[in-house]
Amino acid sequence: MPVRLRSVNLIHGFERFLLSIPNWSCNSGEIVALLGPSGSGKSTFLNILGGRVVPEEGKVWYGNKLHAKVPLVPGHYRIRMVRQDFGQMPYKTVRDNLLEFAGIRSEMSEDRVVKKWIKDLNLAPSLNEKARGLSGGELQRLALGQALISRPGALLLDEPFSHLDPAHKRRMQDILKIWQSKSGASVVMVVHDVRDAMEWADRIDVMQDGSIVESGTPQQIYQTPQTLPMAHAFGRVNNFPINEVNDSLKFHSQSFTIGKNWFLRPEYLRKKDLPLNSKFIESEFNGNISTEIWQSPDNSVWYIRA
Ligand code: ADP
Ligand code: MG
C-alpha cells in the first residue's frame, strides 16, 4: 500500500547553503512539484527524502517507518528515486538495466515485462545495446522505466523531462500519469518550468535559498502568487507599482499584489482598460495563444490576450 511521505524540521547545510524545511508531506496519490531556481536546494531536499543524504537535523518518515540515521539501504525500499545523473550501469544492456530493480524471478515474466515497457518507453531498437551508448533522452526514458517497473510506493523524480524532446516529454508525462493514478503512489517531482507542473501537480512547492517560500495548488499559484518569480513565471503579465494604477484596475477582481507591485494577467485586461491613446505595438504568437503588446502615451507597456 502506498503511504505518506513526510519530513519534520529538516536542516542541512553546505558551505554557503542552508536547507531549512520545518514540516512537509506528500500523501499517497498526491503529486507535489518542487520548483525553484538552480541552487535553491531542490535536489538536496529530494536526496534527503530519498534517504541518499542524511540531514544534520530532522527526520523523514515513510508511513510509520523512520529513515534510519546510518542506513544499510538508504531510505526505504519502497521509495525510488530518479536522479539528475540517471545512475544507470553503463556496461549493462538496456534490458538488464530495465530489469535491475524489477524483482522478477522467471525469465518468462521478464520477457513479458520488458516487451511491454520497452515499447512504451520507445527504446525497442536499443534493447540489447549497452546503456553507455544511449543519448541523454534515451537514458532519461530508461531511468523512468527502471523506476516505474519496480512499482515504488513513493517516486522521487529530479527534473525527469529535462533531456526529452516535446513529443517524448508528452509521452512520458502520460505514462507517468496513468501509472500514478493506478498505483496511488506519492510522487515528488523537481521541475524547472512551472508549466510542467501546472497540468498535473496537486501542489507546487516553490523553493528559494533552501526554503519553501510558497506552496499551493497550480490554480492558487497562478491566480494569487506570493512571490515575484511566480508572478512572472507564466510569461507576460501586466505589472506596475500600485500607486501608478488607476482605481478601477487597482481593485480589479483578478488583480493581485505582491508588496507594492500590482499585477494583472493579460487575459483579464480589456482594450477599454488601456490608458487613452495607447498604441498597438505588436502581437506575440506563442503556439496556441497570442498576446498583444500596447504602449501608452507615457510609455507604459500593457499586455492583452488577443
Ligand atoms: P538545485 O537542485 O535546486 O539546483 P541543489 O540542492 O543541487 O540545488 O544545491 C543547493 C546548494 O547546495 C547549491 O549551492 C549547491 O552548490 C550546494 N550543494 C549541493 N550538494 C552539495 C555537496 N555535496 N557539497 C557541497 N555543496 C553542495
Ligand atoms: Mg538539482
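Computed values, structure above
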quantity	calculated
2 or more residues crowded, with 16+ Cβ neighbours inside 10 Å: qualifying helices (runs of 4 or more DSSP H) within the stretch 197-304	218-223, 228-232
Test: residue in the stretch 162-184 that is in contact with a His (Cβ under 9 Å, 6 or more places away or on another chain) and aromatic (Phe, Trp, Tyr)	no
Cross-chain or 6+ apart pairs with Cβ under 7 Å, the stretch 31-57 first and under 17 Å from PHE86 (Cα atoms), then within 12 Å of ligand 2 (Cβ to nearest atom) and not hydrophobic (A, V, I, L, M, F, W, C)	LYS42/GLY36; SER43/GLN84; SER43/ASP158; LEU46/ASP158; VAL53/THR44; VAL53/ASN47
Index of the failed condition, GLY75 passing every other in (1) buried (at least 17 other Cβ atoms within 10 Å of the Cβ); (2) within 16 Å of ligand 1 (Cβ to nearest atom); (3) modelled with pLDDT under 95	(2)
Matching residues in the stretch 227-241 - criterion: being within 18 Å of the chain's Cα centre (by Cα) and either at pLDDT 95 or above or not aliphatic (A, V, I, L, M) (or both)	THR227, PRO229, MET230, ALA231, HIS232, PHE234, GLY235
Any hit, the stretch 48-57, residues being open to solvent by 10 Å² or more (accessible area, probe 1.4 Å) and more than 16 Å from ligand 1 (Cβ to nearest atom)	yes
Residue among GLY210, GLY235 that is within 16 Å of ligand 1 (Cβ to nearest atom), on the phi > 0 side of the Ramachandran plot and not acidic (Asp, Glu)	GLY210
Failed criterion for ARG16 (all others in (1) of a type outside the set (Gly, Ala, Ser); (2) within 16 Å of ligand 1 (Cβ to nearest atom); (3) under 21 Å from ILE149 (Cα atoms); (4) open to solvent by 30 Å² or more (accessible area, probe 1.4 Å) hold)	(3)
Index of the failed condition, PHE45 passing every other in (1) outside any strand (DSSP E or B); (2) within 23 Å of LEU176 (Cβ to Cβ); (3) more than 15 Å from ligand 2 (Cβ to nearest atom)	(3)
Residues being in contact (Cβ under 8 Å) with a residue 40 or more places away in the chain and within 16 Å of ligand 2 (Cβ to nearest atom) - total across the stretch 121-171	8
Selected residue [among the small types (Gly, Ala, Ser), away from ligand 2 (no atom under 16 Å from the Cβ) and touching a Leu at 6+ places or on another chain (Cβ under 7 Å)] from SER106, SER28, SER7	SER7
Lone unmet requirement of (1) within 17 Å of the chain's Cα centre (by Cα); (2) assigned to a strand (DSSP E or B); (3) away from ligand 1 (no atom under 12 Å from the Cβ) for LEU34	(3)
Test: residue in the stretch 84-99 that is closer than 23 Å to ASP202 by Cα and in the same structural domain as GLY133 (by TED's automatic domain parsing)	yes
Given (1) open to solvent by 40 Å² or more (accessible area, probe 1.4 Å); (2) within 16 Å of ligand 1 (Cβ to nearest atom); (3) in contact with a Gly (Cβ under 6 Å, 6 or more places away or on another chain), index of the condition GLY39 fails	(3)
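The values are calculated or read from the model by the stated rules, or taken from the named source; none is laboratory data. These figures come from a predicted structure and were not determined experimentally. Note: ideal-geometry Cβ built from the backbone for every residue, glycine included; neighbour counts use all protein chains shown. The accessibility values were calculated without ligands, DNA or RNA, using every heavy atom of the protein model including side chains. Shrake-Rupley method; radii C 1.70, N 1.55, O 1.52, S 1.80 Å.
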